[in-house]
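Here is the structure we will look at, set down as structure tokens.
Any read-out appearing in this document is the output of simple, stated calculations on the displayed coordinates, not a laboratory observation. Values in this document were obtained by computation on a predicted structure and should not be read as measured data. When we count neighbours, we look across all protein chains shown, and the Cβ atoms used for this are built from the backbone with ideal geometry, even at glycine.
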Amino acid sequence: MAGILIYSDQDKLALELLTAARLIAKDANLNVKALVINNDAQAGELASRGAEVYQICSPELFAADTAALAAALQQVIEKLDSSMVLLSSNRRGKEMAGRLAQKLAAGGLSDVSGLQVSGGKIQCTRNALGGATVATQQIDTEKAVIALAARSFEAAPIQDGGKINEFVMDAVTPSVKLLQTELKAGDVADIQAADVLVVIGQGVEEDDLPIAEKIAKKLGGEIACSKPVATDKKWLPEDRIIGLSGKKCKPQLAIILGVSGQVQFTVGIRDAHTIIAVNNDEKAYMLQAADYAMVSDAGQVLNELNKALS
């Protein structure tokens, strides 16, 4: 019976893919299999969530070589008779989705945030027109490659029934030669995993940045920003950008200061459980999109909030 194959080199995202696959597997009469490449810990974690795991142990394969990984995935898909592939819609996942769709002559969609079965077809919801609307689309080809946006689904819970199988593939010629690896220098944060985000925009002064960072730390969260703060002003690294050009986040609490609320930004934060917005422009769209809104100077609010949390 044809099935769904999931793969991500990121452990957390792989668990989200497993949840998504199971949501559609029953209605579409498909089985679910998970692929793991050179990652014993991830294989064990998926198996502990009840997944049937196929593991490739091949040192010449590594995450940055998306061409070789796509070739390896093609072999797995054909041998396991998978009609659908779910990948994570991060930078590597999107690139591999395109490569794999071409190899399989399959239709493909990326940045998918929702899946459902209707009339035997898998319908995908995703942002369209720069995030101004949400479109429902489906793939009509025999095989489908779908890349899912991070945090669109919860991680699969622990359950029995998982197992790990070794998958022996034919040799794949690497397209990239790995010489060495180094940790990324400087500030590295996973804002998508944070339950609390303090988000700054162009309405915040640079002198207020240390206070915003203190508040984020006191609340057990992370600091994030709109795109111009990172790309134009260079106050924060680009891995802290929220929005269409950055990351989609779903924190329990988002405190958004000095952000006007253009759609390119709001698509990345609108799924937050609670949004508090501060802006000195009463017409700023971010105030309308928030659960709690305050027309005030962002710097003044930061100072008062810092005192209250001391």
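Can you find a residue in the stretch 88-107 that is crowded, with 18+ Cβ neighbours inside 10 Å, outside any helix (DSSP H, G or I) and in contact with a Phe, Trp or Tyr (Cβ under 9 Å, 6 or more places away or on another chain)? Yes - at least one qualifying residue is present in the stretch 88-107.
Identify all residues within the stretch 108-159 that are within 28 Å of R49 (Cβ to Cβ), among the acidic types (D, E) and not in a strand (DSSP E or B); write none if there are none.
E154, the sole residue that qualifies.
Looking at V134, is it of a type outside the set (S, T, Y), touching a strand residue (DSSP E or B) at 6+ places or on another chain (Cβ under 8 Å) and surrounded by fewer than 16 Cβ atoms within 10 Å (Cβ to Cβ)? Against the criterion (of a type outside the set (S, T, Y), touching a strand residue (DSSP E or B) at 6+ places or on another chain (Cβ under 8 Å) and surrounded by fewer than 16 Cβ atoms within 10 Å (Cβ to Cβ)), V134 qualifies. Filtering the stretch 187-211 to residues that are in contact (Cβ under 8 Å) with a residue 12 or more places away in the chain and part of a helix (DSSP H, G or I) leaves I191, Q192, A193, E206, D207, D208, L209, I211. Annotation: of all residues in the stretch 269-302 being of a type in the set (G, A, S) and touching a residue at least 60 places away in the same chain (Cβ under 8 Å), the one that is surrounded by the fewest Cβ atoms within 10 Å (Cβ to Cβ) is G299.
How many residues are surrounded by 13 or more Cβ atoms within 10 Å (Cβ to Cβ), farther than 17 Å from I6 by Cβ and not hydroxyl-bearing (S, T, Y) if we restrict to the stretch 138-153? The total comes to 1.
Being more than 20 Å from A101 (Cα to Cα), in a helix (DSSP H, G or I) and charged (D, E, K, R), is that true of even one residue in the stretch 54-75? Within the stretch 54-75, not a single residue is more than 20 Å from A101 (Cα to Cα), in a helix (DSSP H, G or I) and charged (D, E, K, R).
The set of residues in the stretch 112-139 being in contact with a helix residue (DSSP H, G or I) (Cβ under 8 Å, 6 or more places away or on another chain) and on the phi > 0 side of the Ramachandran plot consists of G120, G130, G131.
For K177, the conditions (1) assigned to a loop (DSSP other than H, G, I, E, B); (2) in contact (Cβ under 8 Å) with a residue 40 or more places away in the chain all hold with the exception of (2).
Pairing residues of the stretch 72-86 that are on the phi > 0 side of the Ramachandran plot with residues that are buried (at least 17 other Cβ atoms within 10 Å of the Cβ), at Cβ distances under 9 Å and at least 6 apart in sequence or on separate chains, gives D81/G3.
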